[in-house]
1. Sum -39500 (n - 2.57) across every DSSP H segment of at least 4 residues in the chain, then divide by the residue count to get the 222 nm mean residue ellipticity, nearest 500.
2. Taking springs between alpha-carbon atoms closer than 10 angstrom, which of 281, 143, 64 fluctuates most in the Gaussian network model of the chain?
3. Taking a ≥ b ≥ c as the square roots of the eigenvalues of the Cα gyration tensor of segment 55-185, is the shape rounded (a/c under 1.5), prolate (a/b larger than b/c) or oblate?
4. In the Gaussian network model of the chain, springs joining C-alpha atoms below 10 Å, which of 225, 21, 191 carries the largest mean-square fluctuation?
5. If you build the Cα gyration tensor of segment 132-290 and take the root of 5 times each eigenvalue, what three semi-axes come out, in whole angstrom, biggest first?
6. Classify segment 273-325: rounded, prolate or oblate, from the alpha-carbon gyration tensor (a ≥ b ≥ c, eigenvalue square roots; a/c under 1.5 rounded; otherwise prolate if a/b is larger than b/c)?
7. Gap in Å between the Cα centre of segment 1-46 and the Cα centre of segment 181-221?
8. Gaussian network model of the chain, Cα springs within a sub-10 Å range: biggest mean-square fluctuation belongs to which of 271, 343, 67?
């Protein structure tokens, strides 16, 4: 009978014998087309074998047999999500929750989807519902903390990462993430402590090493910052940002050639790193090589067209070498993208334009 094939199929599934399980579920469905358990379990097996369309067909069939099967909607929603059909997936997850409101796994996956498509408030609401049903959900704390961070709710993010760390004390990623939030609040000692803990747990965590270097830099500990960036580079020699960050610190320490070398290494790894060209330009400008500085600022601007500081520094360099027309053009470009710059700086540029005229 259909039930016997279905039960034997479940046993095959338990033993990892997927092909035999599918054969038995198929026989059960042939004998009883309304055998929902066989449809669901064959769908599971198809899903495990990455036969997604066959799995979707089985879960759709299960829904046709039982329109209030929350499990069938959930499983089909997972497959739609895997295929990038986010709206169809959210619709299925919502139907599953309409049938079974206390279903934390569905809230979690729908929250992840809302996060992916840029709806942080919806994601936060879903993660909160997961935690209402399961206060020890690691994934929900991590997801909600991430969304709080994106929304600028730094204290809430710290609180969730703290809960996460209590649940998983050896989670280097959680310590690193909480450290980032502390750094946003300029609580550098706490940030450094968290980055250090992440490194203690996982010495190969180059992000934590790089982040601790940044925190040391902001606290004025340049030697410690250089040491951390150097260690990050040792862990991953292709880390462009570690080279860039170390270049900044070398520049502060007056090690000009080392700084230029690191910026050039960063550019070699990431040719679109406009900030590296900009900083090389600043070094040349400060050393009186204005033509080379202008060339570097132009390279930065070619990558990032709205780069106000590169425009103003280019203008200053152009003035130094008597290229007043180019200086005026750069000052005007600065004004066009000066949103977020200080009113005093904008006023200074406006005044310079008046003083040097239209480049004549």
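1. Per the formula, -25000 deg cm²/dmol.
2. Of the options given, 64 has the highest mean-square fluctuation.
3. Values: a/c = 2.69, a/b = 2.24, b/c = 1.20.
Prolate shape, in that a/c is at least 1.5 and a/b is the bigger ratio.
4. Of 225, 21, 191, the most mobile in the Gaussian network model is 21.
5. Here the semi-axes work out to 34, 15, 14 Å.
6. Oblate, because a/c is 1.5 or more while a/b does not exceed b/c.
7. 53
8. 343
Read-outs: derived from the displayed coordinates by stated rules, not from any lab. Just so it is clear, the structure is predicted and the values come from calculations on it, not from any experiment. Don't worry about glycine lacking a Cβ; one is built from the backbone with ideal geometry, like all the others, and counts go over all protein chains shown.
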